[in-house]
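Structure, as structure tokens:
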Amino acid sequence: MNSAQQQNVPRVSWWIWPNLLGIDAPTVAVVWQYFFACNFSVKIPGSNYLTLFFVVWVIYSVDRLLDARMLKRPEEASLRHLFYHRNYRMAFVFTGILIVLTTLLCLCFLPMELIKTGSFVGAFVVVYLLHQIWAKGPMMIVIPKEVFIGMIFAVGATLTGHIWSGEFIPDVFFSPSVIIFGVLCSINCIAISVWERSHDVDNDSNALPQLLPQVVKLFPAIASVVFICLMVYSFTNHSHVGFPIFVASGIGCGLITVLSFFDGRASSQFLRFAADMAMIIP
């Protein structure tokens, strides 16, 4: 980068860069896809893991481009949105290259059934992006966008394994393993919205803490209840084949619950990084 571009890059610690570049969410998706595959003894080609990584990367990069374009107060935005805003042209070109590369990977390595089913899931992603641009309020009137994102992420991250296992897709979308993983993803998204609420004022009116400010004070209690419920469900279904997934999801919620008590004591960026670790460590 030239000196002018370097001035636009916020000086941040090394551990923040995966979030700035948008590779944290793809990493979480690949790790959990591998975990699901191991748990259900499904063999997935390495090329499919790589393709999933790029698909998630493209989605998150497009989302950030849209967010960066619509910022009303860039100086108060979160670090990742500020990064995309300050380097918009470069990020736009890079995302275009990612889209072309990802399309080639999908066509070359994914089975047609996975492409078809993935396109159906992708339609929900498009609905979310359109909602961010033109609509206000919860998704589909009643669903917080954080819950919507979490569930779609869970389905998308595990879809490849279901295709290779030969399971009936409509059923696995509602399997206990996917739903409970989706609960963890949703709690993660809500936590990030709560911790970044000061950045979302005037910049993201669809964030749950902006629509329902009471969530900020209630979140530690909400996370605690979800953690307890997941652990109780896990150990009352210890003979289920998805037991390791139940427990890992519960532990992830437990770690996020602990982090919730540091809201206001630690920086939102550190809590954001720790939330990713809470998804990966279990």
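The values are calculated or read from the model by the stated rules, or taken from the named source; none is laboratory data. These figures come from a predicted structure and were not determined experimentally. So basically every Cβ, Gly included, is an ideal-geometry build from the backbone, and we count neighbours across all protein chains shown. Just the protein is used for accessible areas: all its heavy atoms, side chains included, with ligands, DNA and RNA removed. Shrake-Rupley method; radii C 1.70, N 1.55, O 1.52, S 1.80 Å.
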Does Ile141 meet the test of being more than 19 Å from Ile23 (Cα to Cα) and touching a residue at least 40 places away in the same chain (Cβ under 8 Å)? no
In the range 233-247, what count of residues is obtained for those that are closer than 22 Å to Ser41 by Cα, open to solvent by 70 Å² or more (accessible area, probe 1.4 Å) and in contact (Cβ under 8 Å) with a residue 24 or more places away in the chain? 1
I'd like the full set of residues that are surrounded by fewer than 22 Cβ atoms within 10 Å (Cβ to Cβ) and charged (D, E, K, R), limited to the range 201-230. Asp202, Lys217
Return the residue satisfying two criteria in turn: it lies in the range 20-70 and is of a type in the set (Lys, Arg) and in a helix (DSSP H, G or I), and of such residues it is surrounded by the most Cβ atoms within 10 Å (Cβ to Cβ). Arg64
Within the range 82-118, count every residue that is over 14 Å from Leu52 (Cα atoms), out of contact with any Lys or Arg (no Cβ under 7 Å at 6 or more places or on another chain), assigned to a helix (DSSP H, G or I) and not charged (D, E, K, R). 14
How many of the residues in the range 79-116 are in contact (Cβ under 8 Å) with a residue 40 or more places away in the chain, open to solvent by 90 Å² or more (accessible area, probe 1.4 Å) and either within 20 Å of Ala68 (Cβ to Cβ) or polar (S, T, N, Q) (or both)? 1
Among the residues of the range 119-153, which ones are buried (at least 18 other Cβ atoms within 10 Å of the Cβ) and not in a helix (DSSP H, G or I)? Pro138, Met139, Pro144
Can you tell me how many residues within the range 245-282 are polar (S, T, N, Q) and modelled with pLDDT of 95 or more? 3
Out of the range 248-279, which residues are open to solvent by 30 Å² or more (accessible area, probe 1.4 Å) and part of a helix (DSSP H, G or I)? Ile251, Leu255, Val258, Phe270, Phe273, Met277
Answer yes if at least one residue in the range 218-232 is over 30 Å from Pro45 (Cβ atoms), modelled with pLDDT of 95 or more and not hydrophobic (A, V, I, L, M, F, W, C), and no otherwise. yes
Among the residues of the range 171-191, what is the count of those that are touching a residue at least 40 places away in the same chain (Cβ under 8 Å), within 15 Å of the chain's Cα centre (by Cα) and open to solvent by 20 Å² or more (accessible area, probe 1.4 Å)? 3
Conditions (1) assigned to a loop (DSSP other than H, G, I, E, B); (2) closer than 30 Å to Lys136 by Cβ; number of the one not met by Ser239: (2)
